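Chemist: Would you mind keeping the following structure in view while I ask a few things?
The values are calculated or read from the model by the stated rules, or taken from the named source; none is laboratory data. Fair warning: this is a prediction, and the values are worked out from it, not measured in the lab. All Cβ positions, even for glycine, are placed from backbone atoms using ideal geometry, and neighbour counts span all protein chains on display.
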Amino acid sequence: MSTSRRALTARQRQADVLLAVVVFVAGVISAALSAISEIYGDEQAPLWQALIYLAVVAIPLAWRRVWPAHVAIIVSIAYFIAVTLRIPELYAGNIAMFIALYTVGAWMHDRRAAMLTRVGIIIAMFVWLFITMYRDAIDTANDAEIIAGAMSPYLAFMMLQLLLNALYFGGAYYFGERTWKATLQRHALEQRTADLEREREVTAAQAVALDRVRIARELHDVVAHHVSVMGVQAGAARMVIGQDPDRSAQILTGIEESARTAISELRHLLETLRSSDADVDDSSTLGLADIPQLVASANDAGMPTEFTVVGDEHPVPSVVQVNLYRIAQESLTNARRHAGADAVADVRLRYTHENIELEVVNTGRPVLAPRSGMGQLGMRERTLASGGTIESAPRERGGWRVRVQVPLSETAELTGTVA
């Protein structure tokens, strides 16, 4: 027979012990008064039997939530015996039996066993009640007053007893079931609350991680590009500083402009990080219109670069513009760093009815073992954020090719694939 699996608190254990004491004390008072009033007349059992009976029905209540089925069976059997033997106590026993049946419904984990236990006790009680009624009817069969009329006083009393017992046992059954269901609902709500709290913590952690990735990507795009340009220009200035002062001054001016541009973009990034979400402008200050300036910077840094626009220009979301600009910037930066002194680059921007495509191709040294660094990772992240696809791989004849295609249709989802 299954018992409750719910953990009991110390307060609940103390409450059950106190309940058992209260039922016993109240039962002693009830038994004393019942004995004095002689509720069973000459057939009444002695008072000392009532004390034993009260101990049997009261003490198990201290463990009613630990072994609910066992306690209910013990209390029920004791009650049957007490009424049969005319022990002068009814009220405390009735209360103890109600509590025991209620506890079976409210605390037993095995619901089938809980149902069978209560139904068995209820059936046994009504069988016993009918037997008692039949016995009393036989004893009073010769009483003319009892049997007279369609509704004799005896029959009315028996029907009243049946009704009271139906309400008594039905109430114990109903309230036990209701308490069990309410407990399940409360536990489900607590579990859901805990799940939501964990989801909130995970979401907050993911948001922090995404912000860190975005910050790292922006810092890499700003610092790596401008520092690379300044490094190349500084090297060129060092080589010609003694032979061509004017050229050196021009190169140093370019370094100064690159430094100012880097500081400006870093300041914009810091302002974005310090601003609230409502104040942030997702479009940034960069877009496709700034790619020609990016190409000019590459030419000034010593790598011949051409820029071509194919197709009719049409509106492009600001976020996509920023991402394409940064991808072109990273591609040209990698070309200056890895392609070699004689490398040239070609930047093409293609517009179609449904897509916009950016292609950056450079010549240079063959790449035997491509490595995926922070720049490559950043380009892929920006492509995925724009809902596009990217191809980034070395060319067979040397150099590198980056091709990004972003759908511009209104139904395009912000997802993408990486080739």
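Chemist: Looking at (1) surrounded by 23 or more Cβ atoms within 10 Å (Cβ to Cβ); (2) of a type in the set (Gly, Ala, Ser); (3) in a loop (DSSP other than H, G, I, E, B), find the lone condition where Ser331 falls short.
Modeler: Evaluating Ser331 over (1) surrounded by 23 or more Cβ atoms within 10 Å (Cβ to Cβ); (2) of a type in the set (Gly, Ala, Ser); (3) in a loop (DSSP other than H, G, I, E, B) leaves (3) as the failure.
Chemist: Looking at (1) closer than 25 Å to Ala236 by Cβ; (2) at pLDDT below 90; (3) not in a loop (DSSP other than H, G, I, E, B), find the lone condition where Ala341 falls short.
Modeler: Failing condition for Ala341: (3).
Chemist: Looking at Arg371, is it crowded, with 18+ Cβ neighbours inside 10 Å, more than 17 Å from Asp290 (Cα to Cα), out of contact with any strand residue (DSSP E or B) (no Cβ under 6 Å at 6 or more places or on another chain) and of a type in the set (D, E, K, R)?
Modeler: The answer is no for Arg371.
Chemist: Within region 341-356, track down each residue that is surrounded by 15 or more Cβ atoms within 10 Å (Cβ to Cβ) and of a type outside the set (A, V, I, L, M, F, W, C).
Modeler: Across region 341-356, the qualifying residues are Asp346, Arg348, Arg350, Tyr351, Asn355.
Chemist: Restricting attention to region 153-162, which residues are within 13 Å of Met125 (Cα to Cα) and modelled with pLDDT of 75 or more?
Modeler: Residue satisfying the conditions is Leu162 alone.
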